[in-house]
Amino acid sequence: MRRGFQAVLLAAATLAAVAHAEIIDRIAVSVGNSVITASALDREVRVIALLNSMPPDFTPASKRATAERLIEQKLIRREIELSRYPTPDAATVEPVLEESRKTRFKSDDDFRRALAEYGITEQDVKDHLLWQLTLLRFIEVRFRPGIQATDQDIRDYFEKVVKPAAQAAHPGEPVTLDDYRDKIEEVLTGQRADRELDNWLKETRKRTEIVFHEELFQ
């Protein structure tokens, strides 16, 4: 009898633990065969807020915008895995984290207090920063090789954007294309790579079943 009672208590405890886990990790968005959990959504809101030195924004609009970013992350990660694109080593995030810490916080103690205040861990921040590096690498490898800025493109951008701004900032000083050519080419290539990424994401979303569980975005 005593053993049976213990078994009942154990079963009840197990069910309670499972129920608690389900509450924490309810599905916020289904993305094909993968999911974005409520806890992942919550964590992303908090990490972004800390890095932007802003209070966490849990309004429906903010949560949906965050979910959209996580959807894109899921789609890109799937493409990286399927096509075996190179990804940055986890260690590469350390100098990025250190720079972020120096620019946003007076000391390591301030950083740790902020982590506690926002309810996240240093690893959460590292994971977010590593994803940013991974995204940049993906764009560099997947889209940039096929993009070229022609000489005419560079000249047009110089005449319409760079030259007027430089003349306004430094009246009377000579402004030549050669001084800005490399920077302009980098800007134009980056802009076109971003557009290519946006177009790829739109097409990939069309082929992927994405379901928002609206009760989590109220």
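The values are calculated or read from the model by the stated rules, or taken from the named source; none is laboratory data. Here the structure is a predicted model, which is why all the values come from computation and not from measurement. Reconstructed Cβ throughout: ideal geometry from the backbone, glycine too, with neighbour counts over all protein chains shown. Heavy atoms of the whole protein, side chains included, go into the accessibility calculation; ligands, DNA and RNA do not. Shrake-Rupley method; radii C 1.70, N 1.55, O 1.52, S 1.80 Å.
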The conditions are (1) among the small types (Gly, Ala, Ser); (2) surrounded by 11 or more Cβ atoms within 10 Å (Cβ to Cβ); (3) closer than 22 Å to residue 31 by Cα, and residue 100 fails exactly one of them. Which is it? (3)
Could you say whether any residue in the stretch 45-62 is over 22 Å from residue 205 (Cβ atoms), assigned to a helix (DSSP H, G or I) and either open to solvent by 30 Å² or more (accessible area, probe 1.4 Å) or free of Cβ contacts under 8 Å to residues at least 12 places away in the same chain (or both)? yes
Selection status of residue 159, of a type outside the set (A, V, I, L, M), exposed (fewer than 13 other Cβ atoms within 10 Å of the Cβ) and touching a residue at least 24 places away in the same chain (Cβ under 8 Å): no
Tell me, which helices (runs of 4 or more DSSP H) wholly within the stretch 124-218 include 1 or more residues that are within 26 Å of residue 49 (Cα to Cα)? 181-206
Exactly one of these conditions fails for residue 106: (1) modelled with pLDDT of 95 or more; (2) open to solvent by 50 Å² or more (accessible area, probe 1.4 Å); (3) not in a helix (DSSP H, G or I). Give me its number. (1)
Could you tell me whether any residue of the stretch 80-88 is in a loop (DSSP other than H, G, I, E, B), of a type in the set (D, E, K, R) and more than 16 Å from residue 215 (Cβ to Cβ)? yes
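Per-residue answers, yes or no, for (1) of a type outside the set (A, V, I, L, M); (2) modelled with pLDDT of 95 or more:
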{"residue": "114", "(1), (2)": "no, yes"}
{"residue": "120", "(1), (2)": "no, yes"}
{"residue": "127", "(1), (2)": "yes, yes"}
{"residue": "130", "(1), (2)": "no, yes"}
{"residue": "145", "(1), (2)": "yes, no"}
{"residue": "163", "(1), (2)": "yes, no"}
